[in-house]
Amino acid sequence: MRTISVKVPEAVYGELCLRLPEGDRSVFVRDAIVEKLGRTPKADRVLELEGRFEKMWQEFAQVKKYLADLEMLTYDRGRVNPHSFCLDDLDHKIVDYLMHYKGGTTPELAEYLESNRWLVLNRLRRLQKNSRKQLGKPLIDFCAGERSGKKKAWWINEELTET
């Protein structure tokens, strides 16, 4: 047994004195602490639960991917609306530009959108990542080599898009 000191408000101490005789107070406080600790999760248990949740979310993402594949096969035979991956007006403008010109470099898109090149690049990467996660293939690809007279440009995958 270890001895500890506890500070409690005067009202709590008064209630403790009224309800419990002097010899039983230590036992009562000890039992209250043990009971409260029993209801508090242990740190390793929390880490174990976090790991299980992470695994569950990964499996859930895989199920979503499979459902998206099934929906594509069922409805549009592999074709999707590229605007379904857009979150805001800027994303819609990026997709419109890429569909109209069939591709474009990041500086061209930034100039067209009158925006920061890094913002456009981050949006393109997010569109690419989200489409890859849902479809299994990216809707927007980056090609570092020369293609259609452009070097280091982003291209929309026409096989996946609706016409």
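The values are calculated or read from the model by the stated rules, or taken from the named source; none is laboratory data. Worth saying up front: this structure is predicted, and the values here are computed from it rather than measured. As a convention, Cβ positions derive from the backbone with ideal geometry for all residues, glycine included, and neighbour counts pool all protein chains shown.
Per-structure values
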read-out: Qualifying residue in the range 118-137 (condition: outside any helix (DSSP H, G or I) and out of contact with any helix residue (DSSP H, G or I) (no Cβ under 9 Å at 6 or more places or on another chain)); value: no
read-out: Where a residue in the range 117-128 is in contact (Cβ under 8 Å) with a residue 40 or more places away in the chain and its partner, wherever it lies, is assigned to a helix (DSSP H, G or I), with Cβ under 8 Å and at least six apart; value: 127/85; 127/91; 127/94; 127/95
read-out: Residue in the range 1-10 that is among the hydroxyl-bearing types (Ser, Thr, Tyr) and exposed (fewer than 10 other Cβ atoms within 10 Å of the Cβ) present; value: yes
read-out: Qualifying residue in the range 94-106 (condition: under 17 Å from residue 157 (Cβ atoms) and under 23 Å from the mean Cα position of the chain (by Cα)); value: yes
read-out: Any hit, the range 100-107, residues being modelled with pLDDT of 90 or more, assigned to a helix (DSSP H, G or I) and of a type in the set (S, T, N, Q); value: yes
read-out: Flag if residue 153 is among the small types (Gly, Ala, Ser), in a strand (DSSP E or B) and touching a Ser or Thr at 6+ places or on another chain (Cβ under 7 Å); value: yes
read-out: Hits in the range 129-163 - residues which are more than 13 Å from residue 81 (Cβ to Cβ), crowded, with 17+ Cβ neighbours inside 10 Å and either small (Gly, Ala, Ser) or not assigned by TED's automatic domain parsing to the domain that holds residue 93 (or both); value: 153
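Quick grid of which residues meet (1) at pLDDT 85 or above; (2) among the acidic types (Asp, Glu):
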| residue | (1), (2) |
| --- | --- |
| 84 | no, no |
| 118 | yes, no |
| 134 | no, no |
| 141 | yes, yes |
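A quick yes/no check of all residues on (1) surrounded by fewer than 16 Cβ atoms within 10 Å (Cβ to Cβ); (2) under 20 Å from residue 67 (Cα atoms); (3) aromatic (Phe, Trp, Tyr):
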site: 81; (1), (2), (3): yes, yes, no
site: 84; (1), (2), (3): yes, yes, no
site: 97; (1), (2), (3): no, no, yes
site: 106; (1), (2), (3): no, no, no
site: 109; (1), (2), (3): no, no, no
site: 115; (1), (2), (3): yes, no, no
site: 119; (1), (2), (3): yes, no, no
site: 127; (1), (2), (3): no, yes, no
